[in-house]
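Single-structure report; data block below.
The values are calculated or read from the model by the stated rules, or taken from the named source; none is laboratory data. None of the values given here were measured: they were computed from a predicted structure. Ideal geometry is used to build each Cβ from the backbone, glycine not excepted, and the neighbour counts take in all protein chains shown.
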Amino acid sequence: MKYLPFLLLIFLLTACGSPDAETETVTTPTSVLYHERYRPQIHFSPPAKWMNDPNGMVYHEGEYHLFYQYYPDSTVWGPMHWGHAVSPDMVTWEHLPIALYPDSLGYIFSGSAVIDHDNTSGLGKDGIAPMVAIYSYHDMDMEIAAKEAGLYDVGSKHQTQGIAYSLDNGRTFTKYAGNPVMPNTKNIFDWRDPKVSWHEPSQQWVMVLAARDIIKFYASPNLIDWTHLSDFGKGLGAHRGVWECPDLFELPLQDSDESRWVLLVSNNPGGVNGGSATQYFVGDFDGTTFAVDPEFRQEVDKGKGIWLDYGRDNYAGVTWANVPEKDGRRLFLGWMGNWLYAQVVPTAPWRSAMTLPRELSLCNTPAGVRVFSTVVPEVEKLRGKSFNQLTIPPAKGATEAFLRFKLAPDSQARFGVEMANEAGETYRIGYDAGTKNYFSDRTNGVYPFSEDFGKAFGVAPRFLEKEVVTMHFFFDAASVELFADGGATVLTECLFPAEDYTTIATFVEGDGVTLTGVTGYELEGIWE
């Protein structure tokens with residue numbers, strides 16, 4: 001093994017003692033908040049307690065709204081609320097009060113939000129277009145009773161769909177008096193996570209809703225009265241778990257005059273590298289049905305999935321609604337967690353974070369049409385001191401690094417980045433030219449909080465066949481995000497070493513590869 005001439009010393013965050021993963025009530029001094037051990041410095045995380053799926057993401061009046069699954073009384077999952085934060089740029093965030101609380105109909109599960117510009121719902125007032133949140137109700141008592149009665153395969157009515165509306169840009173919401181707007185008349189046990197958008201050609205609101213392990217499409221003229229359109233998914237893609245958190249949108253095909261529709265579907269369990277992950281389908285939507293492209297269908301037939309992110313810690317992600325047409329981007333955010341271990345990661349007083357915001361695009365590759373993901377350029381505002389030499393001083397924050405390798409056609413080398421600490425723990429992420437896979441290796445570390453966290457070795461296919469391999473990294477306090485080959489392959493991984501990683505270096509095993517470029521930046525934290 002040889003090390004290439006690139007060594008970074010990174011993010012020696014001040015540790016406030018080892019957090020107790022089982023502690024539910026923690027009082028953190030203001031001077032310490034957002035500087036605790038493992039606390040993300042450039043990723044969104046709640047001030048305290050449990051968070052999972054991003055919800056209701058919508059842009060309105062100069063603000064990106066992020067609602068999210070939130071339990072304010074514990075650092076483990078419980079009765080779900082919608083937490084709320086806003087940002088002018090998807091990078092720096094302002095925390096706002098809880099937006100939606102559970103009520104007599106149940107917990108407030110995942111969903112979406114839209115701006116009803118034409119007041120089709122009649123919920124607007126005095127010329128104000130309402131912000132309408134569409135979400136799943138979950139009656140936990142009914143679910144428990146159904147399971148005890150052995151009704152899982154028969155069905156239950158414990159999940160329904162409701163709406164709430166806001167006339168003050170999301171600061172306060174009023175729940176619709178006629179909730180649920182969609183009763184569970186078919187007794188579908190898992191029937192949730194509505195993602196709603198306006199379909200201009202058919203002049204109607206369209207909802208994609210996860211139902212066990214298929215997707216159901218519904219239409220409405222007013223966000224209140226809904227009609228079933230069609231179903232999708234039987235026999236296509238990965239079905240090793242429940243389908244959740246769908247999203248549907250149209251993307252232009254790069255370097256062409258064509259466009260395609262993309263359907264995102266999150267799986268739990270059954271992810272490509274264990275636990276939860278998000279697959280996608282490329283095809284056409286005519287306002288009633290979604291049909292997979294014939295070429296893409298060959299890839300996803302017989303239970304095979306094509307995955308948005310091959311890391312183990314990007315789940316339940318969806319895209320922002322109402323992004324201005326002059327912007328034109330399809331903007332995505334995911335939950336940086338995995339249900340295999342998310343409730344026991346060693347963090348306090350908070351638990352969980354979101355990925356960096358990303359732009360999704362659709363590109364042709366030798367493997368076929370694929371969704372590419374790249375970090376939004378707004379993140380560049382965090383760049384501080386740059387580097388392209390041997391070493392840089394320790395950074396109390398996060399680091400961005402862009403590496404460029406030249407690969408010989410017959411090379412079988414393994415290369416990438418290795419992080420290490422004085423306890424002998426290492427983490428590796430990179431590319432294996434022999435298998436033509438990117439990889440993430442968390443096996444050489446001490447992970448006392450979960451047997452599932454460190455045992456898996458994650459892999460991801462390379463969709464391009466160029467001699468130049470590019471790796472764009474974002475290293476934060478407890479995570480790494482790799483955008484390889486311009487976003488063709490993406491891996492998001494959480495990291496919780498027993499001791500802080502103190503070094504990061506490139507490594508090469510084998511011949512036929514040369515590091516030809518290094519560009520990097522220290523990144524300023526977003527919570528200062």
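Mind checking whether some residue in the stretch 298-305 is of a type in the set (A, V, I, L, M), touching a residue at least 24 places away in the same chain (Cβ under 8 Å) and surrounded by fewer than 23 Cβ atoms within 10 Å (Cβ to Cβ)?
First, pick out the residues of the stretch 298-305 that are of a type in the set (A, V, I, L, M): 300.
Narrowing the set further to residues that are touching a residue at least 24 places away in the same chain (Cβ under 8 Å) leaves 300.
Right, trim to surrounded by fewer than 23 Cβ atoms within 10 Å (Cβ to Cβ) and you get 300.
Yes: one or more hits.
Which of (1) closer than 17 Å to Phe372 by Cα; (2) in contact with a Gly (Cβ under 7 Å, 6 or more places away or on another chain); (3) surrounded by fewer than 19 Cβ atoms within 10 Å (Cβ to Cβ) is the odd one out, the single condition Leu491 does not satisfy?
(3)
Which members of the stretch 71-96 meet the condition of being of a type in the set (A, V, I, L, M, F, W, C) and in a strand (DSSP E or B)? Talk me through it step by step, then tell me what you get.
Here is the first cut: in the stretch 71-96, the residues of a type in the set (A, V, I, L, M, F, W, C) are 76-77, 80, 82, 85-86, 90-91, 93, 96.
Trp82, Ala85, Val86, Leu96, listed by residue number.
Residues that are under 16 Å from the mean Cα position of the chain (by Cα) and not polar (S, T, N, Q): find the strands (runs of 3 or more DSSP E) completely inside the stretch 203-290 holding 1 or more of those.
242-252, 259-268, 277-285
Name the single residue that is surrounded by the most Cβ atoms within 10 Å (Cβ to Cβ) among those in the stretch 266-297 being more than 20 Å from Tyr438 (Cβ to Cβ) and in contact with a helix residue (DSSP H, G or I) (Cβ under 8 Å, 6 or more places away or on another chain).
Ranking the qualifying residues of the stretch 266-297, first place goes to Phe281.
Residues are listed down the side, and each one gets a yes or a no for (1) assigned by TED's automatic domain parsing to the domain that holds Leu464; (2) among the β-branched types (Val, Ile, Thr); (3) free of Cβ contacts under 8 Å to residues at least 40 places away in the same chain; (4) farther than 20 Å from Asp476 by Cβ:
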residue	(1), (2), (3), (4)
Glu400	yes, no, no, no
Phe415	yes, no, no, yes
Gly424	yes, no, yes, yes
Thr435	yes, yes, yes, yes
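Given the criteria in the same structural domain as Ser87 (by TED's automatic domain parsing) and either closer than 30 Å to Gly62 by Cβ or in contact (Cβ under 8 Å) with a residue 60 or more places away in the chain (or both), does Lys125 qualify? Write out each step before concluding.
Values: in the same structural domain as Ser87 (by TED's automatic domain parsing): yes; either closer than 30 Å to Gly62 by Cβ or in contact (Cβ under 8 Å) with a residue 60 or more places away in the chain (or both): yes.
Criteria met by Lys125.
Could you tell me how many of the residues in the stretch 165-206 are farther than 12 Å from Ser136 by Cα and not hydroxyl-bearing (Ser, Thr, Tyr)? Outline the logic, then answer.
Step one: filter the stretch 165-206 for residues farther than 12 Å from Ser136 by Cα, giving 165-178, 185-189, 196-206.
Applying the additional criterion that residues be not hydroxyl-bearing (Ser, Thr, Tyr) yields 167-171, 173, 175, 177-178, 186-189, 196, 198-201, 203-206.
Number satisfying all stated conditions: 22.
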